[in-house]
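The values are calculated or read from the model by the stated rules, or taken from the named source; none is laboratory data. Since this is a predicted model, take the numbers as computed values, not measurements. Quick reminder, even Gly has a Cβ in these numbers, built from the backbone with ideal geometry, and neighbours come from all protein chains shown. SASA here: full protein model, heavy atoms, side chains in, ligands and nucleic acids out. Shrake-Rupley method; radii C 1.70, N 1.55, O 1.52, S 1.80 Å.
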Amino acid sequence: MLPTRHSSRVRLAIMVLGAVCLCGAAKAQSAYQPSPENLTARREFQDMKFGMFIHWGVYSVLGDGEWVFHERHLSVDQYNRLPAFFDPQKFDAHTWVSLAKSAGMKYITITSRHHDGFAMFDSQVSDWNIVARTPYKKDPLKMLADECHRQGIKLFFYYSQLDWHNPDYYPRGSTNWPNGRPDHGDWNAYLNTYMNGQLTELLTHYGTIGGIWFDGMWDKPDADWQLEKTYALIHKLQPAALIIPNHHQTPKPGEDVQTFERDLPGQNTAGFNTKYVSAELPLEMSDTLNNSWGFNIGDSHYKSAAEVVRRLVRAAGNNSNLLMNIGPYPNGEIDPEFVSRLDAVGKWLSRYGDSIYGTRGGPIPPGDWGVTTQKADKVYVHVLHWGAPLLALSPVTGKVTAAESLNDGKKVDVTQSVNGLVIKLPPATSDETDRVIVLTVEKTS
Ligand code: JFZ
């Protein structure tokens, strides 16, 4: 029948296309040979599991998110008035880094500049920066970098490739609005002098950094971003620095981590993530503690600490890190609603951290019931959503020689057969967000 023949042909075409895409991605990655220190940094990145994302800039003054320049269609001249109001006298690097630490976070990723192009660091490339334009006159990223080094927290810099302010960001992209910039500009100068110049500053003035988290390429998907040049520059300046692009596409040569925005790897509820999940690169997902990235005075949709824990657990079970965002106040303080939640997550991690840090996604596929993580001879069964006393799971390789509850160390009954595992779950306690059962699995080599 015609319709069937037709659809099978379509199916074949899709399969061929898919295969070409996958080969393309694999080939593209194989053309880049990460250095040994880069490979070590990737493993360490995966071990860290939990990071703090910080969106902070002159936009924070208006308390209306980091897109306010665009949302209100302000002109460049109008937006230029904003830095004069940014004076974060209450900013204290020690307080921020200590908060990340007590939340159990192992790294911080902070906006060094967002789409407004405003450098939150001391930049010689342009005076559109915090030292030159604000009454504060200091470089908070330097203070943060020094404090991170002191406290053993890795620091990554978010860097927007999209720029709503620089005239050389031309031709402009999909988020363009008439804001007073001229209708000409030098794209090569934007990339090579401005962007690569600032990246050089970020990679040379702040000691060892974790890497660069890129965002905004999606504004001009067809432009020649000369990525290989920028990526090579970063890897030359700091070979271990990881390049983490939020471009929502299959990884390209030179990239070290695949990151997903507000979605678990492979999911696309946000509508802009790719379903392709790298089997080779470390994975990360970013999310917000309320519904905003930059400080938003009208957003009180805070996730509970339990919800944050569950997202972290689901990320880990999907072999991914979680990068959880907060948007500090323009005065440098962090909203107590964020602080109390992060402290509570830290409390949970101080008890259950073994089942998260240093793990990889476990041998049992994630499901609505929960996920598994693994480390050495342990498989951690995280029961997130299961009301019945018995939990049946698919088989694992190797003999389960012991099983206990991570909460109280009590022995748990597990029966193992060719069909899989049946775990007799301890009853959930009222304050428990995740019942973690630790299985010891004898390797069969
Ligand atoms: C981007 C930024 O625009 C946002 O402000 C924030 O920094 C976040 C972490 O990253 O968010 C995006 C990126 C891409 C799209 C939408 C939001 N997109 O392609 O539609």
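Here the 3J(HN,Hα) profile of the stretch 437-443, calculated from phi with Karplus coefficients 6.51, -1.76 and 1.60 at θ = phi - 60°, is 9, 9, 9, 9, 10, 6, 5 Hz, Gly and Pro shown as x.
Screening the chain for whole DSSP H helices with an alpha carbon extent of at least 27 angstrom along the helix axis and a mean Kyte-Doolittle hydropathy of at least -1.0 yields 2-30. Annotation: per residue accessible area for the chain equals 43 Å², rounded to a whole number [probe 1.4 Å, protein chains only]. The portion of the accessible surface of the stretch 166-255 made up by carbon and sulfur, rounded to a whole percent, is 55 (1.4 Å probe; DNA, RNA and ligands excluded).
Residues whose amide H comes within less than 5 Å of that of residue 261, counting only those at least five positions distant or on another chain, are 286 (H built at 1.01 Å from N in the peptide plane).
Farthest towards the positive end of the charge dipole of the chain, among the residues 63, 358, 376, is the Cα of 376, using unit charges on the Cβ of Lys, Arg, Asp and Glu.
Nonpolar atom fraction for the stretch 365-445, defined as the carbon and sulfur part of the 1.4 Å probe accessible area, stands at 56 percent. Taking amide H atoms as placed 1.01 Å from N in the peptide plane, the amide H of residue 155 lies under 5 Å from those of 108, 210, each 5 or more residues away in sequence or on another chain. Of the residues 200, 397, 175, the one that moves most in a GNM of the chain with alpha-carbon contacts below 10 Å is 397.
Within the listed set 101, 138, 49, the residue fluctuating most in the Gaussian network model of the chain (springs between alpha-carbon atoms under 10 angstrom) is 138. Amide H contacts under 5 Å for residue 53: 109, 324, 325, 326, restricted to partners 5 or more places along the chain or on a different chain, H placed in the peptide plane at 1.01 Å from N. With a threshold of 24 Å on the Cα-Cα distance, the over-threshold entries among 252/378; 154/347; 347/410; 90/138 are 252/378. Using θ = phi - 60° in the Karplus curve 6.51 cos²θ - 1.76 cosθ + 1.60, the 3J(HN,Hα) couplings for the stretch 255-272 round to 8, 10, 9, 9, 10, 10, 9, 6, 8, 5, x, x, 8, 9, 6, 6, x, 10 Hz; x is entered for Gly and Pro.
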